[in-house]
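Reading through the structure tokens given below for one structure.
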Amino acid sequence: MQITQVTIRKMKMRMKEPFSTSFGTMQDKHFLLLEVCDELGNTGWGESVAFDAPWYTEETVETNIHMLRDFLIPLLLGKEISHPDDVGSHFAPIRGNNMAKASLECTIWDLYAKRKGISLAEALGGQRERIEVGISIGIQKDLADLVDKVQRYLEEGYKRIKVKIKPGADVDVLRGLRSAFPQVPLMADANSAYSLDDIDLLKRFDEFDLLMIEQPLAHDDIIDHAVLQKQLKTPICLDESINSFEDARKAVELGSTKVINVKIGRVGGLSEAKRIHDYCMERGIPVWCGGMLEAGIGRAHNIALTSLPNFNLPGDTAGSSRYWEKDIIEPEVVVENGYITVPTVPGIGFSPNFRAIEEFMTDIWHFKED
Ligand code: OSB
Ligand code: MG
């Protein structure tokens, strides 16, 4: 297939409620929406998960525009691409910038599946008809608010509760939640807020019977996490530290992680995500699909990925209504009894809602071969 045209739309969507982590609070979601056309007039869609500020990784919406416009799109326009797995070799001259790369690579996967007349899940080798989903809850004002939220999401059917923690809002929060919900599958995400100096504090988390603790230490560490894991009963799950298949392999070999949170954007695309999945499956390391507060297009890619067999823990891909008054796809993503049905129609399986896209769009660029 040949990419004849790429459109980037810059988007701004207000979230229903602000989302707070150990880093700060987000209320508006700024992101890029990508649309590509092939020589037959098919279209593929993708979403960049880079935020407007570089707190989660170094990438931002603006760095993604730069990378896409000046490097990545010119490397793909007019090229013959036989399989989305080949996109990585076209991007090989460019270091890093995984979210920018992934946004474009995901459009090629959607296009590829549509051309074959199969769902993206099937194109990836997915087998599940439905995926089990959990929810990630930001830091709340107080424990009572958090307990209320957890209660509400459990009633909606979510299968696993993840809470954000930070120094000063950790042991007491987890103790309070555990006593309110003794049986609920529970985990905590620190977004790199601790260091090995906090080891005595982190060891106290063991009493709360957490499914795992996500990214307790530095975003770029895999050595200290191995040291920490030896002293914790609670499994460590790496998020920020895993930016590639090679990172995953090294972290698993070192014993730095017993579970991996796979995010398509963070690892540079669906092909790399699948490689990590396959490697972990061979070694009995479970994986789950993380989230970046995506709008519908990114969410659709996450659903397809989660249909792979070793995504055997509930992920963070919640329903559209958890984030948005109105999402940009039709139908919206719906969670029923804690499950999302994996679409079977060709491609990502959700159509862009152009009226909603118009409403939330703040800028647009078109690229064609010259
Ligand atoms: O660390 O997994 C994370 C949101 C933004 C940035 C990082 C993370 C998160 C979440 C929310 O935990 C996941 C979601 O609901 O999309
Ligand atoms: Mg995380």
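The values are calculated or read from the model by the stated rules, or taken from the named source; none is laboratory data. Worth saying up front: this structure is predicted, and the values here are computed from it rather than measured. Methodologically, a virtual Cβ is constructed for each residue, glycine included, from the backbone with ideal geometry; neighbour enumeration extends over all protein chains shown.
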- Message: Which numbered condition in (1) in a loop (DSSP other than H, G, I, E, B); (2) surrounded by fewer than 14 Cβ atoms within 10 Å (Cβ to Cβ); (3) touching a residue at least 12 places away in the same chain (Cβ under 8 Å) is the only one that Pro54 fails?
- Response: (3)
- In region 21-31, the residues that are of a type outside the set (A, V, I, L, M) and near ligand 1 (Cβ under 10 Å from one of its atoms): Thr21, Ser22, Phe23, Lys29
- Can you name the strands (runs of 3 or more DSSP E) wholly within region 68-170 that have at least 1 residues being away from ligand 1 (no atom under 16 Å from the Cβ), out of contact with any helix residue (DSSP H, G or I) (no Cβ under 7 Å at 6 or more places or on another chain) and closer than 26 Å to Thr43 by Cα? 130-132
- Complete set of residues in region 314-328 that are surrounded by 21 or more Cβ atoms within 10 Å (Cβ to Cβ) and outside any helix (DSSP H, G or I): Pro314, Gly315, Asp316, Thr317, Ala318, Tyr323, Trp324, Asp327, Ile328
- Query: Any idea which residue in region 7-61 is modelled with the lowest pLDDT, counting only those that are hydroxyl-bearing (Ser, Thr, Tyr) and either closer than 27 Å to Lys162 by Cα or under 18 Å from the mean Cα position of the chain (by Cα) (or both)?
  - Reply: Ser22
- Any residue at all in region 294-309 that is within 16 Å of ligand 1 (Cβ to nearest atom), assigned to a loop (DSSP other than H, G, I, E, B) and outside the structural domain of Gly46 (by TED's automatic domain parsing)? yes
- Item | region 187-234: number of residues that are away from ligand 1 (no atom under 16 Å from the Cβ), closer than 23 Å to Gly315 by Cβ and β-branched (Val, Ile, Thr) | 2
- Can you tell me which residues in region 188-239 are closer than 21 Å to Gly138 by Cα, buried (at least 19 other Cβ atoms within 10 Å of the Cβ) and aliphatic (A, V, I, L, M)? Ala188, Ala190, Ala193, Leu202, Leu210, Leu211, Met212, Ile213, Leu217, Ile236, Leu238
